[in-house]
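The values are calculated or read from the model by the stated rules, or taken from the named source; none is laboratory data. This one's a predicted model, so the numbers in the text were calculated from it and none came from an experiment. Quick reminder, even Gly has a Cβ in these numbers, built from the backbone with ideal geometry, and neighbours come from all protein chains shown. Quick note on the areas: whole protein, heavy atoms, side chains included, nothing else; ligands and nucleic acids left out. Shrake-Rupley method; radii C 1.70, N 1.55, O 1.52, S 1.80 Å.
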4 protein chains.
Amino acid sequence: MNDIRITVFCEHHQDRYEPVKSVYPDGIHAAIAAAFAEEPGFQITIATQDMPSHGLTNEVLECTDVLIWWSHIDNHLLDDTVANEVCRRVVRDGMGFIALHSASFSKPWQRMLGIEYEAGEWGRFRTMPKGEKERLWVVAPGHPICEGLGDFIEIPQDEMYGEPMLIPEPDKLLFIAWWEGGEVCRSGTLFERGRGKIFGFTPGHEEFPIYHQSEIRRVLRNAVRFLAPAGGAKVHSGEGHLSGEAREDLSHRM
Amino acid sequence: MNDIRITVFCEHHQDRYEPVKSVYPDGIHAAIAAAFAEEPGFQITIATQDMPSHGLTNEVLECTDVLIWWSHIDNHLLDDTVANEVCRRVVRDGMGFIALHSASFSKPWQRMLGIEYEAGEWGRFRTMPKGEKERLWVVAPGHPICEGLGDFIEIPQDEMYGEPMLIPEPDKLLFIAWWEGGEVCRSGTLFERGRGKIFGFTPGHEEFPIYHQSEIRRVLRNAVRFLAPAGGAKVHSGEGHLSGEAREDLSHRM
Amino acid sequence: MNDIRITVFCEHHQDRYEPVKSVYPDGIHAAIAAAFAEEPGFQITIATQDMPSHGLTNEVLECTDVLIWWSHIDNHLLDDTVANEVCRRVVRDGMGFIALHSASFSKPWQRMLGIEYEAGEWGRFRTMPKGEKERLWVVAPGHPICEGLGDFIEIPQDEMYGEPMLIPEPDKLLFIAWWEGGEVCRSGTLFERGRGKIFGFTPGHEEFPIYHQSEIRRVLRNAVRFLAPAGGAKVHSGEGHLSGEAREDLSHRM
Amino acid sequence: MNDIRITVFCEHHQDRYEPVKSVYPDGIHAAIAAAFAEEPGFQITIATQDMPSHGLTNEVLECTDVLIWWSHIDNHLLDDTVANEVCRRVVRDGMGFIALHSASFSKPWQRMLGIEYEAGEWGRFRTMPKGEKERLWVVAPGHPICEGLGDFIEIPQDEMYGEPMLIPEPDKLLFIAWWEGGEVCRSGTLFERGRGKIFGFTPGHEEFPIYHQSEIRRVLRNAVRFLAPAGGAKVHSGEGHLSGEAREDLSHRM
């Protein structure tokens, strides 16, 4: 089996915000990439928002099986053309897409789910004080993304999210987060759009070492394996697509 | 608009278990029924498990738009014929079904969802110490069953439930429960089976006055209005059903 | 109960394309509006694409419970700002949205479903020769939108559509179209996005008198009643939303 | 990777019904098994309804990753204990289950989907004249079960099925059947129940050589690969499951 080709997209935080620098000295993307160095079968490309085309040129996307997206404060600065091309790759070509943490407010995630809002807008997806203890409960224990986990993953500190998140009903809910401070949120959600699979996974505030945690890294690896494109049918295109006998059938009738 | 005809089915606990007697001196069913006396538009019939046919004769079911089911320790004693007839009324005729609290382990709920297990079996639906504070977060704020609620319903004490519940993916998730002790559970879930709608609502341990709480009563009323049968198409039956022109079409072709 | 306020949006075809003129001399919107004049309880506003703001000003949208959208050849000419405002009204405020015929290629429908494609692109939603006989089979006979129908609706002639449509898995599939020429398509599909409900209903090619057909008109009325906003919970907004006791709880802990 | 262990369950028709004997001289199960002999990676066990325990002893089920079920006229004669054990293996242990043709009326399929009806009962799943041409359109072209297919599979003759099938909304719809005689049916449907995946695939009337057709065999192989159990989380059981720190947390609070 061929290696799965992963592109990790990340805002480039570590040089401009001190707390991130101490937790992720080489950037959040480096920690995410390190999760895949622990096991064979993966190839990693890094793309950061400050690169030309945000590092997401057609050449890069063409060779990407799964795109992992971490973003937070610069969501609104993403180029629309890049966002739309990412969506097309997912829907049309089956590229997997993993939205981490505040990628819930990113253009590709929101466009593919058909929602558009800012954090806190409309009372629909609230973000709250940072530093709360979080437990990610496994809701779908038989799912491959939960492979190797126990009852829950405990995260000592994260930024608290809350419901209602305003997402469409997920095709499959995998994790629910419990927060010490009294909130819950659907923190692991699966969607399909066109040929592509999308996984939203909310943990990962940049001031805490969440992507160094072994269970979180396991979820990322499981998810990439699950989201890699699976093939499918070779359907034909557009008007007048019917061929051979079927086409003849039709033309006789018209 | 006609009144909605509700039947409340209940195990008859109050005469044999002291804590229930003090909270619900007239039975849990009386408290549930009282929720509907607060507004016009409802007719109530009471059925308890100790009645002949558990109070769920064909005559009663025939006149029931929505069946509310509270059960706990006697789930296994329910007559199979009655359980199956309840399922048929839902699937075939569109009777609504509300499963309260440990009705998650009742025969009708499990048969319509295609699962069968005891509490604690398979690590799939755990029940836990009683008395924890619970918050029911509204996950689907636009849904009619959530009409008139705020962000969450707080219940001072309940029996704690936990994930994974092993239910099929709900058609719509309405509430997630947060528990003081560190658990979560999908506490308000909607399913459709055949012509009928099913609502699972987990709060309601018998030692606490949960059905006296005004927000809980509001959810019950909202749910009954939402689950009452809606009509639908008049489809025909079985083999050779095609009639008139359609049938002729077919016979010419055969 | 108040009247349901409907806005019918339509491309203005009848003055520029002869076949439409003969079938719908006053415009397709007039035929759609006429469906609602047959029963009490509806108020109609007309909006056509050639009006300023396409007739969909904030004042109009503010007073719209359900927006019915018929479009075909001018989908790409729709103003992006109007398209986005329509989406926001659905997702945030619960306005219902009905996409008729080639509104499958309209901006609001595609943005809310998270897909973007032209007819025939990617082999994903094919449109085909016009004039085929079509049968809309009722797949969900207990659904209110199917109220009063029989086994199927027969349409003597329509533009043929085919699978795969590339839509996300519908929350509920109501109708499947059978076509004389050998194709099928999911022709009645329900989705929820945020607080709003969306109904896609594919019949309605402009050269055939489909919106004069009584069963089609019945489906439109049923759908409007089903999609009218239902209320729901009064959730609060954004950061720091927790109030009263909950907020205190939290602040003590931080 | 280990071989996938398949058990093929079948009514034993070929010795008692002449038309079947000529199409499937060694039984339908032999033709289904032959589909898996065409590629490596599968182990086959045969179980027929006339064997003791219908060939589905605990020892056999224990070693089954995917159970393929063909049944038709003897559905009602299946032992209830065996049916229930099959369901438990799926829901609890993640065994895959493929329901072929009239297995839509079999006990395991109906129990796991929460429906119970006979063919033709309630106007909900109609079966009709035999011998019609059928086309299975691919609705979800990116799905692994559709791998290697084109736009549709054409079956020269089959027993016609029709909607409404009364199944719960599938987690994923893969195929829709078009019938020459004017009917449609959801002919490839995916469900998850507990840890297990279920695939309903309607073609396969016993008088026509459908399981000799290469695209049908491909679907069977694709489906078995997709349904083989995937692992998942190691969640703990029942009451008092919380251990270590979590348990301590809780006991301090009680």
Relative to the longest principal Cα axis of chain B, at what angle does helix B:28-37 sit, 0 to 90 degrees, rounded to 10? 70 degrees
Which net charge results for the neighbourhood of B:Gly196, defined as the other residues with beta-carbon distances under 11 angstrom from its beta-carbon, given Lys and Arg at +1 and Asp and Glu at -1? +3
Degrees, to the nearest 10: A:244-253 long Cα axis against longest axis of chain A: 60 degrees
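Stokes-Einstein D for the protein assembly as shown at 37 °C, 0.692 mPa s, Kirkwood Rh over Cα pairs, in µm²/s? Could the numbers behind the result be given before it?
Details: Rh = 29.5 Å.
Roughly 111 µm²/s, to the nearest whole number.
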Residue pairs, from the table A:Lys234/D:Lys172; B:Lys197/D:Lys197; C:Lys234/D:Lys197; C:Lys197/D:Lys107; D:Lys21/D:Lys172, whose Cα atoms sit over 28 Å apart: C:Lys234/D:Lys197; C:Lys197/D:Lys107; D:Lys21/D:Lys172
Taking the label point 7 Å from Cα in the Cβ direction, how far apart in nm is A:Leu77 from each other copy of itself, listed shortest first? 3.9, 6.9, 7.4
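By per-residue mean of other Cβ atoms within 10 Å, what is the highest-first order of C:195-202, B:110-117?
Numbers: C:195-202: 24.6, B:110-117: 23.1.
Top of the packing list down: C:195-202, B:110-117.
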Express as a percent, rounded to the nearest 5, the fraction of DSSP beta bridges in the protein assembly as shown (both residues included) that run antiparallel. 55 percent
Helix A:214-227: inclination vs chain A longest Cα principal axis, degrees, rounded to 10, gives 10 degrees
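Could you order the peptides B:103-109, C:151-157 from most to least packed, using the average number of other C-beta atoms within 10 Å per residue?
Numbers: B:103-109: 25.0, C:151-157: 20.0.
The packing order, highest mean first, is B:103-109, C:151-157.
Residues with beta-carbon under 10 Å from that of D:Leu113, excluding D:Leu113: net charge, scoring Lys, Arg +1 and Asp, Glu -1? All intermediate terms of the calculation are to be shown ahead of the outcome.
Numbers: positive: B:Arg193, D:Arg111, D:Arg193; negative: D:Glu116.
It works out to a net charge of +2.
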In peptide D:153-164, what is the residue-averaged number of other protein chain Cβ atoms found within 10 Å of each Cβ? 3
Applying 1/(1 + (r/R0)^6) with R0 = 56 Å to the Cβ-Cβ distance of D:Lys21 and C:Asp50, what FRET efficiency is obtained, to the nearest 0.05? 0.20
Summing +1 per Lys or Arg and -1 per Asp or Glu among the other residues with Cβ less than 12 Å from D:Lys172's Cβ gives -3
Of C:Leu78, C:Gly194, C:Gly150, which is farthest on the positive side of the dipole of chain C, counting Cα position, with +1 on Lys and Arg Cβ, -1 on Asp and Glu Cβ, and the Cα centre as origin? C:Gly194
Convert each backbone phi in segment B:179-190 into a coupling constant with the Karplus relation 6.51 cos²θ - 1.76 cosθ + 1.60 (shift: θ = phi - 60°), then list the ³J(HN,Hα) values in order as whole Hz, x for Gly and Pro. 10, 3, x, x, 10, 9, 7, 6, 9, x, 10, 10
Compute the label-point distances linking D:Gly150 to its equivalents in the other copies; points lie 7 Å from Cα along Cα→Cβ; give nm, one decimal, shortest first. 3.7, 5.5, 6.3
With every protein chain present, what accessible area does B:Thr57 have (1.4 Å probe, heavy atoms only), rounded to the nearest 10 Å²? 50 Å²
So, by mean Cβ neighbours within 10 angstrom, what's the order for B:26-32, A:25-31 with the highest one leading? B:26-32, A:25-31
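Quickly estimate the mean residue ellipticity at 222 nm for chain B, helices only: each DSSP H run with n ≥ 4 gives -39500 (n - 2.57), and the total goes over all residues, rounded to 500. Write down the numbers at each step before the final one.
Numbers: 7 runs with 61 residues, N = 254.
One gets -6500 deg cm²/dmol as the mean residue ellipticity at 222 nm.
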Sort shortest first the distances from C:His12 to its counterpart in every other copy, using label points 7 Å along the Cα-to-beta-carbon line, and give them in nm. 5.1, 7.3, 7.7
Counting only residues 5 or more apart in sequence or on a different chain, those whose built amide H sits under 5 Å from that of B:Ile176 are B:Trp137, B:Val139, B:Ser187
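In debye, nearest 20, what is the charge dipole magnitude of the protein assembly as shown about its Cα centre with +1 on Lys and Arg Cβ and -1 on Asp and Glu Cβ, if you could check? Walk me through the intermediate numbers first.
On the way: 100 positive and 156 negative charges, 1 e Å.
That gives a dipole near 0 debye.
Taking segment D:35-175, how much of its Cα-Cα pair set, in percent, is spaced more than 25 angstrom apart? Intermediate values should be presented prior to the final figure.
Working: 3621 of 9870 pairs.
Of all Cα-Cα distances in segment D:35-175, 37 percent exceed 25 Å.
Within the accessible area of the protein assembly as shown, what % is carbon and sulfur when the probe is 1.4 Å and the other protein chains stay in place? If you can, show how the numbers build up before the last one.
Values: 16420 of 34010 Å².
Looking at the protein assembly as shown in its full context, I get 48 percent from C and S.
For chain D, what is the convex hull volume of the alpha-carbon atoms per residue, in Å³?
Numbers: hull volume 40.3 nm³, N = 254.
In chain D, the Cα hull volume divided by residue count equals 159 Å³.
What size of dipole, in debye to the nearest 20, comes out for segment A:1-117 about its Cα centre when the only charges are +1 on Lys and Arg C-beta atoms and -1 on Asp and Glu C-beta atoms? Numbers along the way, then the final one.
Values: 8 positive and 17 negative charges, 58 e Å.
Dipole of segment A:1-117, to the nearest 20 debye: 280 debye.
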When Cβ neighbours within 10 Å are restricted to other protein chains, what is their mean count per residue of peptide C:223-231? 2
Residue of chain A nearest the A-to-C rotation axis [by Cβ], rounded angstrom distance: A:Gly114, 2
Over the Cα atoms of segment A:135-174, what Rg and Dmax result, in angstrom? 11.9, 30
Test item: C:102-114 mean partner chain Cβ contacts at 10 Å: 3
Expressed in nm to one decimal, what extension gain is obtained for the pair D:Asp3 and D:Ala34 from 0.36 nm per residue of sequence separation less their Cα-Cα distance? 9.6 nm
